[in-house]
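One structure is given here, and the rest of the page talks about it.
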């Protein structure tokens, strides 16, 4: 299943998302906040999608 940007944004705004431990580590290393992530999803562009990733689909912004 490929999600549209609006669907991903809606999931994120409704706190229906997971930031992996790996992503949290990278966020800390790069001084990126969850607010920065929210801004990127709200205003950004999907670069790549991994709709079959488990346990849930993944999108690179």
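A short reminder: the numbers here are calculations on the coordinates, not readings from a lab. Every value quoted in this text rests on a predicted model; they were computed, and no experiment measured them. All Cβ positions, glycine included, derive from the backbone under ideal geometry; neighbour counts span all protein chains shown.
Go through (1) touching a strand residue (DSSP E or B) at 6+ places or on another chain (Cβ under 8 Å); (2) surrounded by fewer than 14 Cβ atoms within 10 Å (Cβ to Cβ) and name the single condition residue 46 misses.
(2)
For the range 8-22, give me each residue that is free of Cβ contacts under 8 Å to residues at least 40 places away in the same chain and surrounded by 13 or more Cβ atoms within 10 Å (Cβ to Cβ).
Correct list: 9, 11, 12, 17.
Can you tell me which of (1) surrounded by 10 or more Cβ atoms within 10 Å (Cβ to Cβ); (2) without any contact (Cβ under 8 Å) to a residue 12 or more places away in the chain is the one residue 40 doesn't meet?
Status for residue 40: all satisfied but (2).
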